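Take a look at the structure below.
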Amino acid sequence: DIRMPTAQEELADPRAADHVYDTAATALRDRTRDEKRFWLLAKANREYGLVRNLLGVRAAGLAASLVGLVVAIAFLGARAAPAWDWLAVALFEVVSFALWARAISEADMKLVATAYAERLLGTLAELP
């Protein structure tokens, strides 16, 4: 059994309290690995992982969109191919940049992380 620190103990030694909380969270995650039994938790975990990973590659996505747009504009200026082809590529890159810039944010990350944490804590009622 893990004994949670009191408010006074947490104030007196926040690092020790954090260690207890980390230990408890790890134990709870270990006891809820059964995806059939805890399918809502597994779903929340997948959502969290997806948003975390998308946020992690966001800068690369923004950069790739900008490079693609610059290339499309350069080819449009050079008239290297039919203009419609490069206009379509440029439009795609603008939309791609807008999606990377607005679709995934730190606020989204906080939202799904909180949802996962709440779902994880909610499993306490189902455990012996």
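Taking the options Asp108, Asp85, name whichever one is over 30 Å from Ile2 (Cβ atoms), in contact with a helix residue (DSSP H, G or I) (Cβ under 9 Å, 6 or more places away or on another chain), free of Cβ contacts under 8 Å to residues at least 24 places away in the same chain and not aliphatic (A, V, I, L, M).
That would be Asp85, the only listed residue that is over 30 Å from Ile2 (Cβ atoms), in contact with a helix residue (DSSP H, G or I) (Cβ under 9 Å, 6 or more places away or on another chain), free of Cβ contacts under 8 Å to residues at least 24 places away in the same chain and not aliphatic (A, V, I, L, M).
Count, please, the residues in region 88-105 that happen to be farther than 30 Å from Arg46 by Cβ and free of Cβ contacts under 8 Å to residues at least 12 places away in the same chain.
Qualifying residue count for the region: 2.
Is one or more of the residues making up region 44-56 touching a Ser or Thr at 6+ places or on another chain (Cβ under 8 Å), free of Cβ contacts under 8 Å to residues at least 60 places away in the same chain and farther than 30 Å from Arg3 by Cβ?
Yes - at least one qualifying residue is present in region 44-56.
How about region 1-36: which of its residues are within 23 Å of Tyr116 (Cβ to Cβ) and exposed (fewer than 12 other Cβ atoms within 10 Å of the Cβ)?
Ile2, Met4, Asp22, Thr23, Thr26, Asp30, Arg33, Asp34, Lys36
At pLDDT 95 or above and outside any loop (DSSP other than H, G, I, E, B): is that true of Ala44 in this structure?
Considered against the rule, which asks whether it is at pLDDT 95 or above and outside any loop (DSSP other than H, G, I, E, B), Ala44 comes out as yes.
Just checking, how many residues over region 74-111 are of a type outside the set (Asp, Glu) and farther than 19 Å from Tyr48 by Cα?
Residues in region 74-111 being of a type outside the set (Asp, Glu) and farther than 19 Å from Tyr48 by Cα: 23 in total.
When you scan region 67-79, do you find a residue that is under 26 Å from Gly122 (Cα atoms) and over 22 Å from the mean Cα position of the chain (by Cα), even just one?
no
The values are calculated or read from the model by the stated rules, or taken from the named source; none is laboratory data. Quantities reported herein were computed from a predicted structural model and do not represent experimental measurements. Every residue, glycine among them, receives a Cβ derived from its backbone with ideal geometry; neighbour counts consider all protein chains shown.
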